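Notes to accompany the following structure.
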Amino acid sequence: MIEVLFVLIVASLATSVLGVFLVLKNQAMTTDAISHTILLGIVLAFFITQDIRSPWLIIGAALVGVLTVYLIQLINQTNLIKNDASIGIVFTALFAIAIILISRYADNVHLDIDVVIAGEVLFAPLNRIEIFGYSMPRALWQLGLLLIVNTGFVALFYKELKVSTFDPKFAYVIGFSTTLIYYMLMTLVSVTAVVAFDAVGAILVINFFVAPVLTAYLLVKRLSHMIFLTAFFAILNSTLGYLIGYNIDLSMSGATATVALIIFIMVFLFKPDGYIILKIKKRRQKKEFMHAMILMLMSEDEHEMISSKEIAKHFNLTRAETEKQLETLEMEGYIVKTDDHYMLTIRGEEFTHYSRIKYELKPY
Amino acid sequence: MELLTSYTFLIVAIGTTLLSFASGIIGTISVIKGQSLIGDAIGHATFPGIILAFMLVGVTDTLSLAVGAVIFGVIAFFFIQMITNHSKITLDGALALILSSFFGLGMALKSFVQGNPAFQNTQGIDDYIFGQAAYMLRLDVYLILIASVISLLLFIIFYHQIRIYTFDPIYSSTIGINPSLINFLVLSMTIILIAVGLKAVGAILIVNLLIAPGVIGLLWSNRFKTVIIIAGVAGAVSAFIGTYISTAFAGFPAGPSIIIVLSVFVFISMLFGRKGLVTRKFKKVRGESS
Amino acid sequence: MTEDIIKIKDLIVAYDEKPAIWHLNMTLQENSITAIVGPNGAGKSTLIKSIMQLIKPVSGEIHINGSKSKKALRDIAYVPQKGEVNWEFPTTVLDVVLMGRYVHKGWIKRPNKEDHKIAMSALREMKMEAFRNRQISELSGGQRQRVFLARAICQDADIYIMDEPLQGIDITTEKLIIETIKSLQEQGKSFLIVHHNLDTVKEYFDHVVIMNKTIFASGKISEVWTSENIDKAYSEVSAVR
């Protein structure tokens, strides 16, 4: 069983190392397109070879993946259709052709769309291969090779990938082809998607490409840090996915994708400058700001003595809100209440002085 | 010709034609706004909703599954909004994440259902991924009818608001249109159409019905009203032809057939539309000779 | 004596809990052409957006024609900064201008012959009638600005509020826009315009508001447009004293 975990981890590492650049190039949805259209390549290659294990399947499918990218680019160059719309049309059209081919001709052959779409990593160890005398799952061998190739590609072309991602114009000026780099990247993406689909399924492979990357992207700014953190999340997601899938008997790639979303959301909510902390900070800022505003209002000559009603009216606040603010201010010793009116203490006077400096305001 | 009056054909044809007409019109707004792939993400994201609804009800009941789909469509959209508004992640990344994670959740739930003897008759669930128009029932068509009529009525009532908002959101709010209300309205219409259309074309392909007709319309006209009329008609005609092909020839599922027809129309429009490649060339030649 | 058609009392507006406008008091004189000038980040656009109720102020009051309600906004035609609209939208020049008429329409009601006439005459005024069937994406920057002014004219409002209408347009369009504004003034309209080019203030406007978070000077050009006042607003990067 441990081999299944290895397959998952290697698959997620091999995909996400490329995913870093897809996300930064805003090409995540292109993976979505590729992951759907490789089905057409698999079907076509299957018709020719009649063998579900043939390496031609991988080549055929990868070719269709690259063709998808090319078609989308070609349509974009006509300036007739917006980029996102052309992605949506190209992949659905190719996917539709694949489905028709399967339902028309492949009924009597064993090409289970369900497995293609869903993938089943549990079956991976059944299909074995001898490498240097060791027997190992074929998927592990293939994905391992791809992990090496992809990592090598990123290491070798690190500078080029970086420049063409962040500043394509500069890349053009200093004289290397962003198009070439782009198609090399997309070819590797297609091959990796095809090899991984067997283990994780065609649609969930998108998740393996982007989810660890996006989680890492929330946390770090530097590209090199992002790559390492992505690898960390890739391993974490697939290990947790494996454990959950194993223990409650669920589709492991499905569980991994779900875990990936949960981890992403956790990071999104709880990281130091994440949603929740920012919300709390904002609330505190808002309260402080309102305090400062009220005190500054009271420091003006014509509002030296002011009732809570007048304050509420001035700031368009409800009575309850105003009372709460004034209570805090009174407790902290900035204001005193006499009869129905409030006025500043010396401490409050000082506070308005500092508020003015803080908010870069001139004295009233 | 006999085929055209057969009961199954009529049921399926009415359903898909109506659905594509309405989706073509509503989808055009997202195409213009450059957000067409939101429909893709929502389409995929409805999958866990369908399985959960099935787990709760125990049978593949059209209405409850549609409700499940709507709920998860809304949740998915909420997640996308939240992520893009409150982090540096772009719409592209958020869509890919939500699309695949929700679909993954659906896969996990499905494997749970299929491995659990408490649930039976699970085979109908796959119809919602790939679409199985041939199994559409009268009730499915009624649902499509209700959803289409409601969304088209809302579209007509709010026509000017939607139009001005899509073109110029800031101006629209200065003349008293509530932009978030209109945005919400358009999105709910989209989600509801996706939910009722899943049985016909499936979660993966439904986005095409929302994009392709609008793209065709935009290639032929530069007036909003004409664009949406062309979009609606192109959707409806393609759906009818696609369904006909699917009924007349074995092994052509309706959903994919409709999408192939629509894609052919897109291709033709790219060549011969008002701004099409051939038209452009022709204009150039004429311009040079005169 | 002319009346104050917009009256702003003690306005405070904050973005992310940082004040962008501070104790601002100003008035817009009826039938004036008033420029708002001030350095970058002085809160000029914020002021305009507050008047249009696109932002909620922390405190203060804005009266338009003596009223504080949302309905009063109908008296204002707003020309936003460029780049805030969806240029890919399939619509013609005439259509965009007709949108100005929707202020006077209820739900579903469509524009009638009268509206078309008004829209055409606005286009004629902006010398854009020959372009009426063009798609807006096919227009130049100056032409687009003319279309938006035509849309504003169509609204038939008393007050025009414009956010840098002369930014990045050709000189012909600039002259035409100023001519149009002056002729609208003769018909009794009032203008509040964010303006960047200090050299043309004297030539184009009769009133000016010099601001940097708060008002530094406002009134007739002849009275307040002095290098002393301008320096005061522009030299103080932050207004701390």
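The values are calculated or read from the model by the stated rules, or taken from the named source; none is laboratory data. Please read all numbers here as calculations on a predicted model, not as lab measurements. Backbone-built Cβ (ideal geometry, glycine too); neighbour counts: all protein chains shown.
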For region B:222-290, give me every one of the helices (runs of 4 or more DSSP H) that falls completely inside it and has 3 or more residues that are surrounded by 15 or more Cβ atoms within 10 Å (Cβ to Cβ). B:224-248, B:254-272
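Looking only at region A:192-204, filter to residues that are aliphatic (A, V, I, L, M) and more than 8 Å from chain B (Cβ to nearest Cβ); which one of those is farthest from residue A:20 (Cα to Cα)?
Keep residues of region A:192-204 that are aliphatic (A, V, I, L, M), which gives A:193-196, A:199-200, A:202-204.
After this cut, where a residue has to be more than 8 Å from chain B (Cβ to nearest Cβ) as well, the list is A:193-196, A:199-200, A:202.
Details: A:193: 15, A:194: 18, A:195: 19, A:196: 17, A:199: 21, A:200: 19, A:202: 19 Å.
My answer is A:199.
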With B:126, B:168 as the choices, which residue is acidic (Asp, Glu) and either closer than 30 Å to residue A:207 by Cα or at the interface with chain A (Cβ under 10 Å from one of its Cβ atoms) (or both)? B:126
If I filter region A:45-62 down to residues being on the phi < 0 side of the Ramachandran plot and in contact (Cβ under 8 Å) with a residue 40 or more places away in the chain, which single residue comes out as surrounded by the most Cβ atoms within 10 Å (Cβ to Cβ)? A:61
Residue A:81: passes all of (1) crowded, with 24+ Cβ neighbours inside 10 Å; (2) closer than 30 Å to residue A:255 by Cβ but (2)
Every residue in region C:182-203 that is in a helix (DSSP H, G or I) and more than 12 Å from residue C:31 (Cβ to Cβ), please. C:183, C:198, C:199, C:200, C:201, C:202, C:203
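Yes/no per residue for (1) more than 16 Å from residue C:189 (Cβ to Cβ); (2) at pLDDT 90 or above; (3) of a type in the set (S, T, N, Q); (4) assigned to a helix (DSSP H, G or I):
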site: C:124; (1), (2), (3), (4): yes, yes, no, yes
site: C:127; (1), (2), (3), (4): yes, yes, no, no
site: C:145; (1), (2), (3), (4): yes, yes, yes, yes
site: C:149; (1), (2), (3), (4): no, yes, no, yes
site: C:162; (1), (2), (3), (4): no, yes, no, no
site: C:172; (1), (2), (3), (4): yes, yes, yes, yes
site: C:177; (1), (2), (3), (4): no, yes, no, yes
Taking region B:177-200, which residues are of a type outside the set (Gly, Ala, Ser), within 14 Å of another protein chain (Cβ to nearest Cβ) and assigned to a helix (DSSP H, G or I)? B:179, B:181, B:182, B:183, B:185, B:186, B:190, B:194
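What residue, of C:214, C:200, C:173, is farther than 19 Å from residue C:37 by Cβ and of a type in the set (Ser, Thr, Tyr)? Show your work before the answer.
Details: C:214 fails: farther than 19 Å from residue C:37 by Cβ; C:200 fails: farther than 19 Å from residue C:37 by Cβ.
Residue meeting the stated conditions: C:173.
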Residues of region C:62-90 classified as more than 22 Å from residue C:166 (Cα to Cα), at pLDDT 90 or above and within 11 Å of chain B (Cβ to nearest Cβ), total: 2
Residues of region B:246-261 that turn out to be touching a residue at least 60 places away in the same chain (Cβ under 8 Å) and within 9 Å of another protein chain (Cβ to nearest Cβ), as a count: 4
Pair list, Cβ under 9 Å, 6 or more apart: region A:241-268 residue facing another protein chain (nearest Cβ under 7 Å), other residue surrounded by fewer than 17 Cβ atoms within 10 Å (Cβ to Cβ) and of a type in the set (Gly, Ala, Ser): A:249/B:115; A:250/B:115
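Restricting to region C:217-232, give me the number of residues that are of a type outside the set (Val, Ile, Thr) and either touching a residue at least 24 places away in the same chain (Cβ under 8 Å) or on the phi > 0 side of the Ramachandran plot (or both). Quick ask: steps written out before the conclusion?
Our first condition is that a residue be of a type outside the set (Val, Ile, Thr); within region C:217-232, this holds for C:217-220, C:222-223, C:225, C:227-229, C:231-232.
Now restrict to residues that are either touching a residue at least 24 places away in the same chain (Cβ under 8 Å) or on the phi > 0 side of the Ramachandran plot (or both): C:218-219, C:225.
Looking only at that region, the number is 3.
For region C:1-95, which fully contained strands (runs of 3 or more DSSP E) count at least 3 residues that are touching a residue at least 60 places away in the same chain (Cβ under 8 Å)? Quick ask: steps written out before the conclusion?
Details: elements: C:4-15, C:18-29, C:33-37, C:59-64, C:76-79.
Per the criteria, C:18-29, C:33-37, C:76-79.
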Odd one out for residue A:216, checked against (1) part of a helix (DSSP H, G or I); (2) within 18 Å of residue A:28 (Cα to Cα); (3) at the interface with chain B (Cβ under 10 Å from one of its Cβ atoms): (3)
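Just give me the residues in region C:1-31 being among the hydrophobic types (A, V, I, L, M, F, W, C) and more than 14 Å from chain A (Cβ to nearest Cβ), in sequence order.
Of the residues in region C:1-31, the ones among the hydrophobic types (A, V, I, L, M, F, W, C) are C:1, C:5-6, C:8, C:11-14, C:20-22, C:24, C:26, C:28.
Passing the criteria: C:1, C:5, C:6, C:8, C:26, C:28.
Kindly indicate which of A:287, A:271 is within 11 Å of another protein chain (Cβ to nearest Cβ), more than 30 Å from residue A:5 (Cβ to Cβ) and within 41 Å of the chain's Cα centre (by Cα). Give the steps one after another, and end with the answer.
Working: A:271 fails: more than 30 Å from residue A:5 (Cβ to Cβ).
When all the criteria are applied, what remains is A:287.
Out of B:108, B:134, which single residue is surrounded by fewer than 22 Cβ atoms within 10 Å (Cβ to Cβ), more than 29 Å from residue A:220 (Cα to Cα) and within 13 Å of chain A (Cβ to nearest Cβ)? Can you show your working first?
Details: B:108 fails: surrounded by fewer than 22 Cβ atoms within 10 Å (Cβ to Cβ).
Being surrounded by fewer than 22 Cβ atoms within 10 Å (Cβ to Cβ), more than 29 Å from residue A:220 (Cα to Cα) and within 13 Å of chain A (Cβ to nearest Cβ) holds for just one of B:108, B:134, which is B:134.
So which residues in region C:204-228 are of a type outside the set (S, T, N, Q) and in a strand (DSSP E or B), if there are any at all? So that I can check it myself, show each step before the final result.
Going residue by residue through region C:204-228, those that are of a type outside the set (S, T, N, Q) are C:204-211, C:213, C:215-217, C:219-221, C:223-225, C:228.
Those that are of a type outside the set (S, T, N, Q) and in a strand (DSSP E or B): C:207, C:208, C:209, C:210, C:211, C:215, C:216, C:217, C:219, C:220.
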Output the helices (runs of 4 or more DSSP H) that fall wholly within region B:120-176 and possess 3 or more residues being farther than 20 Å from residue C:154 by Cα and not hydroxyl-bearing (Ser, Thr, Tyr), or say none. B:127-130, B:138-157
If you go through region A:22-38 one residue at a time, do you hit one that is within 22 Å of residue A:141 (Cα to Cα) and either crowded, with 22+ Cβ neighbours inside 10 Å or not polar (S, T, N, Q) (or both)? yes
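Can you pull out every residue in region A:36-95 that is among the acidic types (Asp, Glu) and more than 14 Å from every other protein chain (Cβ to nearest Cβ)? I'd like the intermediate steps shown before the answer.
Step one: list which residues in region A:36-95 are among the acidic types (Asp, Glu), which gives A:51, A:84.
If the condition is that a residue be among the acidic types (Asp, Glu) and more than 14 Å from every other protein chain (Cβ to nearest Cβ), then A:51 is the only one that fits.
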From A:161, A:147, A:140, A:180, residue being surrounded by fewer than 18 Cβ atoms within 10 Å (Cβ to Cβ) and at pLDDT 85 or above: A:180
If you scan region C:91-109, which residues turn out to be of a type in the set (D, E, K, R), more than 8 Å from chain B (Cβ to nearest Cβ) and over 13 Å from residue C:150 (Cβ atoms)? C:109
